[in-house]
Amino acid sequence: MPFGLLLTSGKKYSSEENLKTTLPFQKATLPGEKVYKKYCISCHQPDGGGVPHMNPPLINTSFVLGDKEQLIKIVLNGLKNTKIEEKAYTNPMPPLKILKDQEIADVLTYVRNSFGNKASVVTAAEVKLVRSKVK
Amino acid sequence: MKKNILISVLLLSAAIFAIFSFTKISSSTKIIPLPKADIDNAGLTLPAGFSALIVADNTGEARHLAVTKEGDIYVKLGSAKDGKGILFLQDENKDGKVDKQSGFGDYGGTGMYVKDGYLYASSNTDVYRYKLNDKDEVADQNNPEKIISGLLDRGEHNSKSVTLDNDGNIYVNIGAYSNSCQESDRTPGSLGMKGCPILDSAGGIWQFKADKANQTYGDGVHYASGLRNIVGLDWNQKDNALFVMQHGRDQLHDLFPKYYTTKQSAILPAECMYEIHKGDNAGWPYIYYDQIQKKQILMPEYGGDGKKTADKKYLDPVVAFPGHLAPNGLLFYTGNQFPEKYKNGAFIAFHGSWNRSPEPQAGYFVAFVPFKDGKPSGKWEIFANGFAGQKNLSPGSAKHRPCGLAQGPDGSLYVSDDSKGTIYRIMYQKK
């Protein structure tokens, strides 16, 4: 069963609560891989290692493994001229508001559980909540 | 009999004359034997007769470099290491390997050039020069003359590489702080800004006086425009003209998937070499050069579809390489050590691609283009390969990434690597 379905069915989320869900990732289908290959792979590379000085790696960083709200905001709004783990990267990350809540949830769940990463899943409901705040 | 003696005398005089002429030539050119190459040629694959050695390792992010007439090496680091952004490398025991290293200049940057008694160095906003003594050493390391300041650095394409002509001018690249001048940079489907405003102060080459302090935009000449980002540039002595290598735009498929397949996007647009004269416009962000169709194509951000051409004609490249190889160094070879074929030809250091996926990445080599009378006279070829390691061509895991090029006083070719900071020396020995 896809995570999104598992998490969104039958339960209503309110307030910040749901952003603190710590549901562990379980190896199952990874719909996010498809999204990653379409929108992320050229800058962040097939191994998530990024490009030195240009595009940051998605490995070993609190930007990916830490606060989910911040991470969702980066996908929605993009990111520019921000040091990551004390390193500067020259290319901007474009805003990807065009992605659906479910796509963002899928791809972030994939990124947080690939390339050696291990962190809780991101749900479509969580993305929806953050999107409502940043609008 | 008499006749035979006469012939012998003539032959003998000829032989003596030949010996004397030879002695004269060799004493004036002072032949210093080349150092021993590394057993594995520093891990490089080179044409027959060439060999290589690592002269220094782990120097930092070695961007551009310059070699003095004494054979000492100045290296500009992308970011200062232990507070030193310029390294001075010497080989005191003359075995080819650096055995004495010092540094100065607390700023990172790319540009490094030695000309007429000065060392020129750039940060990402300023250009400095340091007076050299008769041994080409910097006597006052702490007080360079700031010749240019206040150039734009907005992160993207912020290297300010430099070269000089023979009339007291310095040429500085100011790269565009954008991929293709979209309303929203690198965002799928976003269209180009009308009358791209970036071109006012970036996306071109500016000419300044090499000997005048405190210049900024207003003091310079906007020498050429429509150049997205130049890192490798050099003055062609044969042609007395500026040549540059442009980093072409990225991500045609990512941003406009309806017009470009991933396969097309991996090799388009061309990485172009341009011969630049005052007032030239190479067309960024309105057009790119397609090396397959061999023409200028309208950018998709400005109404293009991969086929449409622009009404206006822009400068054509003199050489068009496959896309995304990332040319970071350009050097016209004026030495005598290499075979005749290489004389006055162009060496290009390709840093290596990152936006070719899902196709394999490419580059991470030094290429060569033969030139005759200031124009390319043959096809480009790979000259030195193997910097990245034999298997994994990806920017993050490449062992070394070629960046800068310099010619030594004996005609050896030096290559810098800004990944591990290795400095290579490539030599040719007649068999």
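Each reported figure results from applying straightforward, stated rules to the coordinates on display, with no laboratory input. Here the structure is a predicted model, which means the values were calculated and not measured. Here the Cβ positions follow ideal geometry from the backbone for every residue, glycine too, while neighbour counts run over all protein chains shown.
Listing for the model above:
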read-out	value
Within 10 Å of each Cβ in A:45-52, the average number of Cβ atoms from other chains	5
Values of log10 I(q)/I(0), in the order q = 0.09, 0.12 Å⁻¹, for the protein assembly as shown under a Debye, Cα-only, solvent-free model	-0.72, -1.16
Sorted by Cβ neighbour density within 10 Å, fewest at the top, the residues B:Trp206, B:Trp284	B:Trp206, B:Trp284
Angle in degrees between helix B:2-29 and the longest Cα principal axis of chain B, rounded to the nearest 10	50 degrees
Cβ-placed point charges (K, R +1; D, E -1), dipole of the protein assembly as shown about Cα centre in debye, nearest 20	1320 debye
When the stretch A:26-135 is reduced to its Cα atoms, the Kirkwood hydrodynamic radius in Å	13.9 Å
Computed lengthening from B:Glu92 to B:Leu191, 0.36 nm per intervening residue step minus Cα-Cα distance	29.9 nm
Chain B - Cys residues lacking any other Cys C-beta under 4.7 Å	B:Cys272, B:Cys403
Modelled FRET efficiency - R0 22 Å, B:Glu70 with B:Gln237, Cβ distances, 0.05 increments	0.55
Cβ-derived FRET efficiency at R0 35 Å, B:Tyr217 paired with A:Phe63, nearest 0.05	0.45
Alpha-carbon centroid distance for the pair the stretch B:80-144 / the stretch A:31-93, whole angstrom	36 Å
Given B:Lys94/B:Lys146; B:Lys313/B:Lys343; B:Lys76/B:Lys100; B:Lys209/B:Lys343, the pairs whose alpha carbons are separated by over 27 Å	B:Lys94/B:Lys146; B:Lys313/B:Lys343; B:Lys209/B:Lys343
Charge-dipole axis of the stretch B:320-418 as Lys and Arg at +1 and Asp and Glu at -1 on Cβ define it, positive-most pick from B:Asn355, B:Phe383, B:Asn328	B:Asn355
Global geometry of chain B, whether rounded, prolate or oblate, following the gyration tensor of its Cα atoms and the 1.5 cut on a/c	prolate
Estimated dipole of the stretch A:40-134 in Debye, rounded to 20 [Cβ of Lys and Arg +1, of Asp and Glu -1, Cα centre]	260 debye
Nearby lysines by direct alpha-carbon distance to A:Lys97 (threshold 20 angstrom, same-chain neighbours under 8 apart not counted)	A:Lys34, A:Lys37, A:Lys38, A:Lys68, A:Lys73, A:Lys80, A:Lys128, A:Lys133, A:Lys135, B:Lys258
